[in-house]
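Single-structure report; data block below.
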Amino acid sequence: MRISKYVLYDILKNKIIIGLTILLFIISMSLFRLEENENKALLSLLNIVLIVLPLVSLVFATIHYYNSYEFIELMLSQPVSRGRILLSEFTGVSLSLLCSFWIGVGIPVFFYSFSNTGMSLLFTGSCLILIFTSLAFLSSVSSRDKARGIGAALLLWFYFSLLYDGLILMILFAFSDYPLEKITLILSALNPIDLGRIFIMLKMDISALMGYTGALYKDFFGSTSGMLFTSAIMIIWIAVPLWLATRKFKKKDL
Amino acid sequence: MIRIEHIEKKFKKVTALSGVSAQLTNGQVVSLIGPNGSGKTTLIKCILGLVKPGRGKIFFGDKQINGACDYRNDIGYMPQIGRYPDNMKMGHLFEMLKNIRRLDAEQLDNELIRQFDLCSIFEKPMRTLSGGTRQKVSAAIAFLFNPKVLILDEPTAGLDPLSSEILKQKILKEKNKNKLILITSHILSDLDELTTHVMYMQEGKLLFFKDIGTLQEETGEIRLGKAIASIMRGNDPAKTVINELFNSYNEKP
């Protein structure tokens, strides 16, 4: 991946990613220092990971794509295939975000909470970064207009982090007479943010508070097959948007 | 070398190319001429694979261009408006391209870099460069890898007379190496000494593709501008455009 090197170089040069790393590091350090119970700190960190990381990945990746339009154009007149260009861009962006996350959140977690929960937090965070970078690429490849691309990316974020939960709640209320545990499980799994949340929560003690549903979830997600299921869904969420984006990009006129 | 068969391209409802066919071979210097918006750049972009034609086929060598990319190893392309990554320094840009094309150092053609004296501004970021300097960079990149085919989209637009002359001499030199060179330009006097064939496009159609000898014979004119003007004047719908071309040609001796 010779081209990703130049993408990475370009990203490192504008220093935003370094700022993000420092910010994440300060937040996680202060959370771990302030809270006496490491699990509480992890819970606060979880919210940051679930809300902020997708947003940052989406916005950063979309803006980066539009900014490197010239670079993409230049590459396209060279003997480089379109698929390779897009994948290199993806690798560059996601790698830099992942590095930032692993340094900013990973190092504090390794120091203060080297546990099953901590590791699953890092796993979920990394997956979310990849998923939302991939979605961002799909939205930016789909429209030539910057404002539209970034707007679409933001709408996706709203949908996944706010709207989707609301919709599930509505369904739960509407059909509260029926046994819905399995359906909610499936529905939540369709949203990577929810899936990540459930996955981590069940590793914590609080899952005991969740009653029967919690027990059902714990039964499922605690097992190896649950672990595999989570990973599989996450991978699908990374691969499908990226595949669609590549397909679109290959047909595009530039 | 390049065979174009019935290319059609529509952008939404606007027809950019309709049924263009041509065959270009080594040793030709083809001037692609036509009014603004006649589809010249779209045709070039189709050859480069930047724009996907709606119908028709393009062959490079004996292989069809269909999402492939290797054939671009043999093409040097100078875009009409060279756009480069803002933050990248010029030296870095050249390094990157060399790294991507992977050619041995002795195969590289650094002549234009030297003649345009680009080395002295290698440290400048691309965003600080003027339009003309960017144009020089584009030209230097197009010639750098010693490609078999050169595609130059308005190469002399925006260049000062001295640089323009350097570029023309370079094109002549490459012409003698039996390369295929495709040039679009509105400055017909620039093309005069280079051209072997003329492709005239209008409203997305290829009106004619002739070698310069036939053209001179048919029109009785020696200079390209006059020859084209005289051909087109007989053709009524093109009249205004041709007079425009003709006038601008007369103004520039």
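Just a few scattered comments:
- Residues being free of Cβ contacts under 8 Å to residues at least 40 places away in the same chain and either in a loop (DSSP other than H, G, I, E, B) or within 14 Å of another protein chain (Cβ to nearest Cβ) (or both) - total across segment B:1-35: 4
- Of all residues in segment B:98-105, none are surrounded by 16 or more Cβ atoms within 10 Å (Cβ to Cβ), more than 9 Å from every other protein chain (Cβ to nearest Cβ) and of a type in the set (Gly, Ala, Ser).
- Residue list for segment B:61-97, restricted to those being buried (at least 16 other Cβ atoms within 10 Å of the Cβ) and away from chain A (no Cβ under 11 Å): B:Ile65, B:Gln80, B:Met90, B:Phe94
- So B:Phe60, is it within 18 Å of B:Val20 (Cα to Cα) and under 19 Å from the mean Cα position of the chain (by Cα): yes
- Note on segment A:26-47: residues that are among the basic types (Lys, Arg) and over 25 Å from A:Leu162 (Cβ atoms) amount to 1.
- Positions within segment B:114-168 being more than 28 Å from B:Phe60 (Cα to Cα) and of a type in the set (Val, Ile, Thr), in sequence order: B:Ile121, B:Thr128, B:Thr133, B:Ile166
- Criterion violated by B:Leu150 - all others in (1) in contact with a Leu (Cβ under 8 Å, 6 or more places away or on another chain); (2) modelled with pLDDT under 90 satisfied: (2)
- Among the candidates A:Ser81, A:Ser77, A:Ser120, A:Ser88, the residue that is surrounded by 17 or more Cβ atoms within 10 Å (Cβ to Cβ), among the polar types (S, T, N, Q) and within 18 Å of the chain's Cα centre (by Cα) is uniquely A:Ser120.
- The lone exception for B:Arg114 - which of (1) within 11 Å of chain A (Cβ to nearest Cβ); (2) in a helix (DSSP H, G or I); (3) over 24 Å from A:Ser4 (Cβ atoms) it fails: (1)
The values are calculated or read from the model by the stated rules, or taken from the named source; none is laboratory data. Owing to the predicted nature of the structure, the values given are computational and were not obtained by experimental measurement. Every residue, glycine among them, receives a Cβ derived from its backbone with ideal geometry; neighbour counts consider all protein chains shown.
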